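The values are calculated or read from the model by the stated rules, or taken from the named source; none is laboratory data. Since we're looking at a predicted model, the values are computed, not measured. For neighbour counting, all protein chains shown are included, and Cβ atoms are generated from backbone atoms with ideal geometry for every residue, glycine included.
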């Protein structure tokens with residue numbers, strides 16, 4: 001191998017090594033954004049699954065529900081409405097009024113007896129959303145059989161929203177509209 005060939009091979013090696021290092025540095029710098037986006041998606045899916053599971057146990061949407069508030073009667077596995085303890089396996093569930101209330105940054109959940117005029121003590125379910133328009137109803141609020149839930153989170157990359165949505169038919173609803 002001549003000196004010229006050796007110099008050309010070394011130059012190509014330096015260029016390849018530089019490109020590889022640049023790609024590695026770029027990947028290390030974007031990893032936090034990718035991790036944050038994955039965490040937002042994972043949290044959003046978990047919250048959405050919990051909300052839709054509870055809606056599926058719902059019997060009826062109550063007056064006062066809107067795009068930012070969902071009030072419904074549901075069967076819950078607790079000794080009393082608003083209790084934090086759960087019933088042992090085999091015990092009968094009880095009927096409670098469940099209220100989800102969302103602002104432009106967070107959603108809370110409260111639970112009380114079906115005949116209560118209040119909504120109980122609100123517990124923050126999650127924060128980080130950027131829209132209070134979370135719920136939509138089919139056919140409409142007063143006759144709702146299906147409740148859609150849409151969570152909009154700020155996109156960690158900037159522009160736009162990161163949106164996760166799902167929905168559920170209430171236990172008393174007719175999913176086929178017959």
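General remarks:
- Strands (runs of 3 or more DSSP E) wholly inside segment 26-126 containing at least 2 residues that are in contact with a helix residue (DSSP H, G or I) (Cβ under 9 Å, 6 or more places away or on another chain) and closer than 25 Å to residue 166 by Cα: 69-76, 94-102, 106-112
- For residue 138, the conditions (1) closer than 30 Å to residue 36 by Cα; (2) out of contact with any helix residue (DSSP H, G or I) (no Cβ under 6 Å at 6 or more places or on another chain); (3) surrounded by 15 or more Cβ atoms within 10 Å (Cβ to Cβ); (4) modelled with pLDDT of 90 or more all hold with the exception of (1).
- Selection over segment 162-178 of residues that are in a strand (DSSP E or B), closer than 17 Å to residue 58 by Cβ and modelled with pLDDT under 90 gives a count of 0.
- For segment 145-167, residues that are within 10 Å of residue 131 (Cα to Cα) and either exposed (fewer than 15 other Cβ atoms within 10 Å of the Cβ) or in contact with a helix residue (DSSP H, G or I) (Cβ under 6 Å, 6 or more places away or on another chain) (or both) total 3.
- Subset tally (residues that are under 23 Å from residue 159 (Cβ atoms) and surrounded by 10 or more Cβ atoms within 10 Å (Cβ to Cβ)) for segment 1-39: 12
- Top-ranked residue of segment 94-107 - restricted to ones that are free of Cβ contacts under 8 Å to residues at least 24 places away in the same chain and farther than 29 Å from residue 153 by Cα, ranked as surrounded by the fewest Cβ atoms within 10 Å (Cβ to Cβ): 94
- Here is the figure for segment 127-161: residues that are in a loop (DSSP other than H, G, I, E, B) and within 22 Å of the chain's Cα centre (by Cα) total 15.
- So residue 87, is it over 30 Å from residue 35 (Cβ atoms), surrounded by 12 or more Cβ atoms within 10 Å (Cβ to Cβ) and free of Cβ contacts under 8 Å to residues at least 12 places away in the same chain: yes
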